[in-house]
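S.K.: One structure, pasted below without further comment.
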Amino acid sequence: MSEVIYNRGNDTDPTTLDHHKTSTIAEANLMRELYEGLVVYNAKAEVVPGVAESWEVSDDGLKYTFKLREDAKWSNGDPVKASDFVFSFQRIQDPAVAAPYANMHYAIANAEAVNKGEKKPEEMGVKAVDDRTLEITLAAPTPYFLELLTHQTGLPVHQASVEEFGNDFTKPGNMVTNGAYMLESFTPNDKIVMKKNPHFHDAANVKIDVVNFIPFEDRSACLRRFEAGEVLSCSDIPAEQMDYMREKLGDQVHIAPYLGSYYLPVKVKKEKLSDPRVRHAISMAIDRDFLAKEIWRETMLPGYSIVPPGISNYNDPVFLEYKDMDILDREDKAKELLKEAGVEPGELSIELRYNTSENHKNTMTAIADMLKNIGITATLFEMEGTGYFDYMKQDGDFDITRAGWIGDYSDPQNFLFLFESDNLGFNYPRWENAEYDALMEKAETTLDLAERSKILSQAEAIFLKEVPAIPILYYSSRALVSSKLKGWEDNIQDVHATRYLSIEG
């Protein structure tokens, strides 16, 4: 039988194949094929066993004991041992490695101190009890710890290869991996070729023999090759051609909820914006359906909460109470709120700040027009991308600005922590609420996920009542997927490992 080959579009080339140094989604897409962590995402982005066939968590939530599967092997036939994970967890915290995402593992006892050179690697809370038993001790209970381990930073490296080749361990011929695929070649600006790993424990169910990852920074180029049948999927699409694609490609255009929120931080300490009624009036006047449909061509979804829907560990989502209210009724209510707050029509002028981007500009222009309907004058202020977020982090002088957040892991904490009082890096509005902070702190030590969900929901309810940042859109993933490609499941993490796919026709 001939080889089954999958030509797969990816956003761009990686800057590195050393996953301890990666930081982009395009790189994560590659790592997911080459390596397998203790736990992995399945086709639906559910956390399932990977190298670990089972695990136990201590009653205090601090100790995780993983039992590794007996048939886990590296691509050279070596067994995957608990010591490989110990080496990998220590390596990513090594200051000399300078891993940009090392802080993802600060939940592990002493990890941060090791990363800062204050403790030795062996003082980290990671221990190989024996070849098949790995013990990880956390600094504090972290209910989303398993979710964290699905990130590329949780993947192992082959210790012997790293020690033999140094930084060249990622080169074809040197690279030893434990995932469904192994690296065959890497030609920058052309393709990365991966071949099925015969030593992978689930190799019998891997249907595709070769994956060619092709970089497409020009989304239209991927579209053209997709239409020509030369690639079977594109990881992103040109939004400006949505109407054309929907007409020509039908169900092969995939738009799905993604783990991200697009929102408008409000400088709540400014007197004119300090009254929540004024902030709600502004929020009510924003026609999110129009923004999603006409500005973003349905590649974004209307948003009424800061935590996006579909996220894990959140059974009690809350939304702005006017989510289902007609826009005209909302405008009437907004006028009432402004009047209650002592703001007469034409009295309030605000600046809408955004970073350079045609989509952001169009969004803010539309919002400025919407605010006219309730008697608020809005002016636009564009700022170059360089320095834009630093300006907000440093308590820059803005009225309302725009921001977005893509979750690093699927847990509401990853969105709600943005607005904790002491989070000066991301709390752009500089909003302070002691009750909110107390709930976030309580959630950190609540192990029962159902109870924790309720606590986080209470925190978000406070946020939505105060609305220091106005949620307006949820991100969506955008992909082209050939009808010949089977097994592709749209999911909130936008992860689609080739091991779950097959090609028919």
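S.K.: Each residue of the stretch 212-227 in order: what ³J(HN,Hα) in whole Hz does its phi give by Karplus 6.51 cos²θ - 1.76 cosθ + 1.60, θ = phi - 60°, with x for Gly and Pro?
M.R.: Result, rounded to whole Hz: 9, 7, 10, x, 9, 6, 8, 4, 5, 5, 5, 4, 4, 6, 5, 5.
S.K.: For a quick check: with amide H placed at 1.01 Å from N, whose amide H comes under 5 Å from V126's, ignoring anything fewer than 5 positions away on the same chain?
M.R.: T137
S.K.: I've got another one for you. If N is the number of residues in the stretch 178-299, what value comes out of its Cα radius of gyration divided by 2.2 N^0.38 Å?
M.R.: 1.62
S.K.: Still on this model: Specify the inter-centroid distance of the stretch 310-351 and the stretch 431-477, based on alpha-carbon positions, in whole Å.
M.R.: 19
S.K.: Using only Cα atoms and rounding to the nearest 10 degrees, what angle (0 to 90) does helix 449-466 make with the longest principal axis of the chain?
M.R.: Its long axis makes an angle of about 30 degrees.
S.K.: Between the DSSP loop rule and a limit of at most 14 other Cβ atoms within 10 Å, which GluC sites (Glu not before Pro) in the stretch 85-184 are left?
M.R.: Within the stretch 85-184, the qualifying GluC sites (Glu not before Pro) (loop, at most 14 other Cβ atoms within 10 Å) are E118.
S.K.: When you take every Cα atom in the stretch 75-181, what is the radius of gyration, and what is Dmax, the widest Cα pair distance, in Å?
M.R.: Here Rg and the maximum Cα pair distance are 13.8, 41 Å.
S.K.: Can you work out the Karplus-derived ³J(HN,Hα) for every residue in the stretch 290-298? Use 6.51 cos²θ - 1.76 cosθ + 1.60 with θ = phi - 60°, whole Hz, and x for glycine or proline.
M.R.: Working through the residues one at a time gives 5, 4, 5, 7, 8, 8, 9, 6, 6 Hz.
S.K.: My understanding is that a pair violates if its Cα-Cα distance is over 25 Å; which of K267/K333; K272/K293; K116/K191; K267/K339; K335/K393 do that in this structure?
M.R.: K272/K293; K116/K191; K335/K393
S.K.: For the stretch 307-380, what Kirkwood radius comes out of the mean inverse Cα-Cα distance, in Å?
M.R.: After inverting the pairwise mean of 1/r, the radius is 14.7 Å.
S.K.: How would you rank 86-99, 441-454, highest first, on the average number of other Cβ atoms within 10 Å across their residues?
M.R.: Result, highest mean first: 86-99, 441-454.
S.K.: Can you list the residues, at least 5 places off or on another chain, whose amide H is less than 5 Å from the amide H of L352, using H built in the peptide plane?
M.R.: Residues meeting the amide H criterion: T379, L380, F381.
S.K.: Moving on to the next point. Over the chain, what percent of the accessible surface lies on carbon and sulfur atoms, probe 1.4 Å?
M.R.: 46
S.K.: Distance from the Cα centre of the stretch 239-272 to that of the stretch 98-140, in angstrom?
M.R.: Taking the Cα centre of the stretch 98-140 as reference, the centre of the stretch 239-272 is 37 Å away.
S.K.: I need the fraction of alpha carbon pairs in the stretch 260-350 separated by more than 24 Å, rounded to a whole percent.
M.R.: 29
S.K.: Take the Cα atoms of the stretch 311-447, build their convex hull, and give its volume per residue in Å³.
M.R.: Each residue corresponds to 152 Å³ of Cα convex hull volume.
S.K.: Starting from 0 in steps of 10 Å, tell me what percent of the Cα-Cα pairs of the chain lands in each bin.
M.R.: Values per bin, smallest distances first: 4, 18, 26, 25, 18, 7, 2, 0.
S.K.: To one decimal place, what Kirkwood hydrodynamic radius in Å is obtained for the stretch 205-247 from all pairs of distinct Cα atoms?
M.R.: It is 11.6 Å.
S.K.: For the stretch 1-138, what are Rg and Dmax over the alpha carbons, in angstrom?
M.R.: In order Rg, Dmax, the Cα atoms of the stretch 1-138 give 16.4, 57 Å.
S.K.: Please compute the per residue accessible area over the stretch 10-89 with all protein chains in place, 1.4 Å probe, rounded to a whole number of Å².
M.R.: 38
S.K.: Can you give me the pair-distance distribution of the stretch 137-247, C-alpha pairs, 10 Å bins, whole percents?
M.R.: Values per bin, smallest distances first: 12, 27, 30, 23, 8, 1.
S.K.: From the backbone phi of the stretch 4-15, what are the Karplus-calculated ³J(HN,Hα) couplings (6.51 cos²θ - 1.76 cosθ + 1.60, θ = phi - 60°) in whole Hz, Gly and Pro given as x?
M.R.: Result, ordered by residue: 8, 10, 10, 8, 10, x, 10, 4, 6, 6, x, 7 Hz.
S.K.: Kindly flag which residue pairs out of K44/K196; K207/K248; K171/K195 have an alpha-carbon separation exceeding 18 Å in this structure.
M.R.: With Cα atoms farther than 18 Å apart: K44/K196; K207/K248.
S.K.: A further question on this structure: Using a Debye calculation, one point per C-alpha and no hydration shell, please list log10 I(q)/I(0) for the stretch 17-88 at q = 0.20, 0.28 Å⁻¹ in order.
M.R.: Rounded to two decimals, the profile gives -1.03, -1.32.
S.K.: Hey, another quick one. List every residue whose amide H lies under 5 Å from the amide H of K486, counting only residues 5 or more places away in sequence or on a different chain, with H placed 1.01 Å from N in the peptide plane.
M.R.: Counting only residues 5 or more places away or on other chains, the set is S502, I503, E504.
S.K.: May I ask you to list the lysines whose Cα is less than 17 Å away from that of K127, ignoring any residue fewer than eight positions away on the same chain?
M.R.: List returned: K63, K67, K81, K119.
S.K.: Let me ask something else. Average projected area of the Cα convex hull of the stretch 84-134, in nm²?
M.R.: 3.2
S.K.: Taking every Cα atom in the stretch 374-477, find the radius of gyration and the maximum pairwise distance Dmax, and write them in Å.
M.R.: 15.3, 48
S.K.: With a sphere of radius 11 Å drawn around the Cβ of P468, what net charge do the other residues whose Cβ falls strictly inside it have (Lys, Arg +1; Asp, Glu -1)?
M.R.: Net local charge, P468 excluded: +3.
S.K.: Cα centroids of the stretch 10-67 and the stretch 157-176: how far apart, whole angstrom?
M.R.: Cα centroid of the stretch 10-67 versus Cα centroid of the stretch 157-176: 19 Å apart.
The values are calculated or read from the model by the stated rules, or taken from the named source; none is laboratory data. Because the structure is predicted, anything quoted here is derived from the model rather than measured. Counting neighbours? That spans all protein chains shown, and the Cβs are built from the backbone with ideal geometry, glycine included. Note: areas computed on protein heavy atoms with side chains; ligands, DNA, RNA excluded. Shrake-Rupley method; radii C 1.70, N 1.55, O 1.52, S 1.80 Å.
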